[in-house]
Structure formats: structure tokens, C-alpha cells
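Shown next, in C-alpha cells, is the structure this report addresses.
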Amino acid sequence: MRVVEQLKERAGEAAQTVVRRHRPDYQIVLYMGLLMLLGLIIMYAIGPQRANVLNNAYGTDYYTSMCFFIKQTISLLLALAAFVALALTPYELIKRNAGKILVGGLIACAVLFVAGNLLHSGVAQCSLGACRWFELGPLGSLQPAELLKFGMLAFTAGFLGMRVRQGIVNDLHRTLIPMGILVLVAIFFVIVLQKDMGTGISMLAIIASMMTVGGVSKKVGLGLLGAAFILGVLMIIIAPHRIERVITFFGGDTTSGSDINDSNYHITHAKIAIGSGGLLGVGIGNSVQATGYLPEAINDSVFAIMGETFGFVFFLKIAPLLVLL
């Protein structure tokens with residue numbers, strides 16, 4: 001009987017040491033694929049109108065009707081290649097080099113700031129008062145904040161995983177303060193130097209989600225949430241254009257022609273675009289707001305243009321994909 005019990009104990013220990021291979025989440029791949037195809041359709045739909053706007057604004061014929069669609073397709077293929085490469089890369093390799101990736105992202109952001117704001121070099125692509133990209137010629141542009149975001153993700157995963165195993169994930173000096181310093185440094189590069197609050201908020205959301213999954217206590221979590229709120233308010237206060245956006249957001253509905261001014265022009269025309277789409281939309285190539293009325297129709301305002309082109313019914317179909325992702 002004793003021998004049998006010993007064999008059972010050894011079998012149990014052996015079973016615990018077996019590492020289960022995680023299956024890929026094919027649903028995420030499917031949803032991401034659908035959204036990427038949707039992006040191609042949008043570029044095909046409003047690309048010609050955007051090209052006409054830019055050609056008229058700059059007095060050139062450089063932009064063709066298919067240039068944005070082709071650029072989006074090339075970017076999509078490069079992204080798929082990177083996706084496959086990372087999927088085939090052993091996790092341990094990423095884990096071992098997470099610190100190097102993070103430092104590389106910080107250095108890239110610093111180089112971009114020096115090249116764009118101090119040296120005014122052509123290698124930095126600056127637009128609307130912000131330098132957020134490296135100009136890569138025919139290959140397009142590279143945003144170093146995305147490299148920093150991935151570095152933060154990989155490093156935080158390894159750091160928190162180690163602290164969880166040590167049982168000190170809620171320790172102030174060995175976990176929370178180091179993470180806080182790292183987040184502040186990343187936020188400084190992204191929000192302060194690059195003036196990109198959207199990317200900064202997404203980075204904070206990633207870190208907050210990882211710390212929640214890592215088992216941070218509710219008390220600590222509420223404290224971190226309060227600190228993030230104060231930091232967000234501070235980032236808004238130091239930038240006048242962000243204050244104007246907040247005031248416009250809380251300013252109510254100002255869609256009448258006499259009330260449209262510089263501060264609410266963008267949001268007013270965004271609402272006009274969505275309202276014009278109705279239930280079924282105006283159809284591909286028939287957007288009025290994309291012809292120059294709505295600023296940055298191909299990127300910042302693309303949601304409103306999609307509403308005008310495809311209508312409310314379309315959003316009822318696409319909203320579940322956005323929620324699932």
C-alpha cells in the first residue's frame with residue numbers, strides 16, 4: 001500500500017510539472033481580420049475624396065485616387081508579417097529581451113524629440129504641432145510610441161509575473177513605486193514630448209489591466225485609479241487645446257449654423273456626418289463631409305465618415321466586433 005501511495009504522489013508531482021500548450025485564440029484573429037478588411041473598404045471608399053482635398057489644398061496632383069488604399073494595403077501586409085513573426089517567436093525570447101525592447105522604445109522616442117523639435121530634421125515627420133513619427137520614405141512612417149507600448153507590455157508582464165510568484169505584487173517599495181516611475185517616464189515621452197494623449201491613455205489602460213489581472217488589491221487599485229485621474233487632469237490643464245476639447249464636449253449641442261465656431265467646428269460636422277448617414281448610409285463614394293468639410297476625414301474623423309457612408313444599421317453590425325476586441 002505504501003508503494004502504491006508513493007507512486008501516486010510521484011505521478012501527481014509529474015502531472016503538475018507538465019506545461020500545457022495554450023491554443024491560439026482564433027476568434028481574436030477572425031475579428032481582427034474582419035476589422036482590417038473593413039479598414040481597406042473605408043480607404044477605398046473615401047481615399048479618392050481625400051486625395052482631391054489634398055491636391056486642391058497644396059496645388060498638386062501628387063495624390064492619386066488609389067494612393068491611400070495602396071498605402072493601407074502595404075501597411076496591412078507588413079502588419080500581418082510582423083504578426084506571424086511574433087506568433088512564431090518563443091515567448092521566453094521576448095521575455096528575456098523585454099527590457100531591451102523597452103529601452104529601445106524610450107531611446108527612439110527621445111531621438112524623435114531631438115530630431116523633430118530641436119534639430120528640425122527631415123527624418124522626423126511633424127504635423128499639426130506634434131512630432132510623432134519617423135519618416136521612412138517609400139515605406140511610410142514609424143511611430144516609436146508603438147514600440148514603447150509593446151516594450152511596456154512585455155516588460156510589465158515579466159515584472160508583475162515575477163512579483164506575483166514572490167507574493168509581493170502589492171508591495172509599495174518593490175512593486176508599486178518602480179511601476180509608477182516607469183509609467184511616469186513613458187507618459188512623459190508620449191503625452192508631454194509627443195503630445196499624444198490618445199496613445200498615453202491606451203498605454204495606461206494596458207498597464208491597469210495587467211495589474212488588475214496580476215492580483216493588485218482593491219485598495220491599491222482605487223489609489224492608482226485616483227492617481228491616474230489626477231495625472232490626466234494635469235495633462236489636460238497644461239495643454240490649451242485639450243481644455244478647449246473638454247469645454248466643447250460639455251458645451252452641449254451646437255449644430256445651428258450661427259453657433260459653429262473654431263472650437264466646435266469639428267464635433268459639429270462629425271454629428272452632421274453621422275446624422276446624414278441615416279439608417280443605411282449615403283453609399284460608398286457619396287460622403288459629403290469627406291470632401292473637405294470634416295477635418296482629417298481619413299483618420300481622426302473616420303468614425304463619423306463611416307456613419308455617413310454606411311449608416312446606423314452598419315454600426316449595429318460592427319459594434320459587437322469592437323466590444324469583443
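The values are calculated or read from the model by the stated rules, or taken from the named source; none is laboratory data. The shown structure was predicted, so the numbers you read here are calculated from the model rather than taken from an experiment. Backbone-built Cβ (ideal geometry, glycine too); neighbour counts: all protein chains shown. Protein only, heavy atoms only, side chains kept; ligands, DNA and RNA dropped before computing areas. Shrake-Rupley method; radii C 1.70, N 1.55, O 1.52, S 1.80 Å.
Annotations
- Of everything listed in (1) part of a helix (DSSP H, G or I); (2) open to solvent by less than 80 Å² (accessible area, probe 1.4 Å), the single unmet condition for LEU78 is (2).
- Qualifying positions in segment 273-313 - under 21 Å from MET66 (Cα atoms), hydrophobic (A, V, I, L, M, F, W, C) and in a loop (DSSP other than H, G, I, E, B): VAL282, ILE284, VAL288, LEU294, ALA297, ILE298
- Any chance LEU153 is open to solvent by 40 Å² or more (accessible area, probe 1.4 Å) and closer than 27 Å to LEU93 by Cβ: yes
- Test: residue in segment 82-102 that is within 30 Å of SER209 (Cα to Cα), open to solvent by 70 Å² or more (accessible area, probe 1.4 Å) and touching a residue at least 12 places away in the same chain (Cβ under 8 Å): yes
- Residue list for segment 125-150, restricted to those being in contact (Cβ under 8 Å) with a residue 60 or more places away in the chain and buried (at least 17 other Cβ atoms within 10 Å of the Cβ): CYS131, ARG132
- Against the conditions (1) within 14 Å of VAL53 (Cβ to Cβ); (2) at pLDDT below 85, ILE305 satisfies every one except (2).
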